[in-house]
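Notes follow once the structure below has been shown.
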Amino acid sequence: MFRLTGLALFIAANLLAVDTSQARREIEAAYARSFSALKNAKTMEDLDLNFKATDTPDSVSIMPGEKPMTWEQMRRYGFETLRGPTDEISFPIETFTMPDAQTAVVQGTMKVAGTISDQYGSFGPKDEKHAVIATAPIRDTWVKTPDGWRRKMHEKLAANKLIVDGKEFTPPARAAAPQK
């Protein structure tokens with residue numbers, strides 16, 4: 001009797017096991033489509049279309065030390081994406097877990113590289129061109145929808161690490177906001 005029960009539990013566990021490899025392939029493909037769309041975006045409408053193709057309507061982005069923001073709140077930063085040419089966007093997945101068949105949690109380090117014209121003089125002389133690489137640890141939560149996998153939450157786990165012209169760059173500390 002014990003062997004039969006053990007065998008039945010083994011079979012049931014395997015039947016209920018989540019196929020993480022298929023989900024991972026689909027989510028990796030979603031990242032590839034999204035990164036391609038970001039690199040080729042010319043207008044805010046292009047960014048809106050990418051959001052709709054990648055994220056759930058109620059998705060949020062969380063930056064270190066800040067409250068969650070919706071796409072409508074994040075949208076104002078879209079012009080930053082459009083302003084500078086992006087040569088590379090990558091996100092090698094370091095961990096991929098599925099707490100259930102409808103949810104996937106992905107962690108890795110996002111890398112965005114490009115050449116910018118420094119109109120503010122942030123990295124040296126004003127209007128000079130610089131090769132910039134920004135990296136940050138990311139955790140994304142994806143959910144399975146009738147339209148496929150969509151990102152529900154994007155969390156940047158630490159501030160960007162910047163490399164400018166091949167050297168690590170530490171931005172100057174921000175002045176504290178005046179007390180009211």
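For every other residue with a beta carbon closer than 10 angstrom to the beta carbon of P64, add +1 if it is Lys or Arg and -1 if Asp or Glu, then tell me the sum.
Combined, the nearby Lys, Arg, Asp and Glu give -1.
Among W142, W149, W71, which comes first, second and so on when ranked by fewest other beta-carbon atoms within 10 Å?
W71, W149, W142
Could you list, in their original order, any pairs among K67/K167; K39/K111; K111/K156 whose Cα atoms are separated by more than 20 Å?
K67/K167
Tally Lys and Arg at +1 and Asp and Glu at -1 over the other residues with C-beta under 12 Å from the C-beta of Q102: what net charge comes out?
Spelling it out: positives minus negatives among the neighbours equals +2.
Could you list the trypsin sites (Lys or Arg not before Pro) in the range 102-143 that lie in coil according to DSSP, counting only those with at most 13 other Cβ atoms within 10 Å of their Cβ?
Loop-located and lightly packed - K126.
Here, each number is a calculation from the coordinates, and none is a lab measurement. Model, not experiment: these values are computed from the prediction. Here the Cβ is made from the backbone with ideal geometry for all residues, glycine too, and neighbour counts use every protein chain on show.
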